[in-house]
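Peer 1: This is the structure, below, for whatever I ask next.
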Amino acid sequence: MKRGYKRSRSIELFGAKYTENYPSGCGVRVDRPHPSYYTNNQIHTNVNSTCHTVPVISSTLRGNMYRSRWWGWEKQNLNEPSSRQVTGRDAAQYNWTAAVNCTNGDLYRYRTEGFGTIVTPNGTYSAQAYEQNDSEIRCGD
């Protein structure tokens, strides 16, 4: 999983064209996890899929959130479904917020992974990105 994007070789699978990454000028972005501005006791991360260089028929985003523990990253249960799909005019610019509950005052580092798939007239493409906190953040701040 990379923070940047690169062109990759295409493959044909069940009649659909897949690549590792979105077409040039398109991508998936994950913002840094942060205490929610609107909901107490939650950590939020915005995941974004953008593509304005080719027509997008549908866009699907899914994600995972983790918090740091002494043994490694512990997967958290998202408050919303971990996958969402949109079609039509909203598919070219699609934002989704990953949210997990936390206990007020707790300190952890968080990591969010975002996975995107777009369907265009030329094929189906996917990309992924992640972001994490370098320092602990306090729930409820």
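Peer 1: What size of dipole, in debye to the nearest 20, comes out for the chain about its Cα centre when the only charges are +1 on Lys and Arg C-beta atoms and -1 on Asp and Glu C-beta atoms?
Peer 2: The calculated dipole for the chain is roughly 380 debye.
Peer 1: Take peptides 56-66, 89-99 and line them up by average Cβ neighbours within 10 Å, highest first, as a rough protection proxy.
Peer 2: Top of the packing list down: 56-66, 89-99.
Peer 1: Then there's this: Which one of G72, Q42, S59 has its Cα pushed farthest toward the positive end of the charge dipole of the chain, where Lys and Arg give +1 and Asp and Glu give -1 at the Cβ?
Peer 2: The Cα lying farthest towards the positive end belongs to S59.
Peer 1: Can you give me the long-range amide H partners of D106? Hydrogens built in the peptide plane at 1.01 Å from N, cutoff under 5 Å, separation of 5 or more residues or another chain.
Peer 2: Long-range HN contacts for D106: C139.
Peer 1: Ok, one more. Among 125-134, 29-38, how do they line up by average Cβ neighbours within 10 Å per residue, starting with the highest?
Peer 2: 125-134, 29-38
Peer 1: Which values of log₁₀ I(q)/I(0), to two decimal places, follow from the Debye formula for the chain at q = 0.09, 0.12, 0.20 Å⁻¹ with a uniform point scatterer at every Cα?
Peer 2: Computed log10 I(q)/I(0) values: -0.30, -0.51, -1.09.
Peer 1: Suppose all protein chains stay in the model; what accessible area per residue would a 1.4 Å probe give for the chain, in Å²?
Peer 2: Dividing the accessible area of the chain by its residue count gives 58 Å².
Peer 1: On the protein heavy atoms, probe 1.4 angstrom, tell me the percent of accessible surface of the chain carried by carbon and sulfur.
Peer 2: Roughly 45 percent, rounded to a whole number.
The values are calculated or read from the model by the stated rules, or taken from the named source; none is laboratory data. This structure is a prediction, so every number in the text was calculated from the model and none was measured. No Cβ is skipped: glycine too gets one built from the backbone with ideal geometry, and neighbour counts run over all protein chains shown. The accessibility values were calculated without ligands, DNA or RNA, using every heavy atom of the protein model including side chains. Shrake-Rupley method; radii C 1.70, N 1.55, O 1.52, S 1.80 Å.
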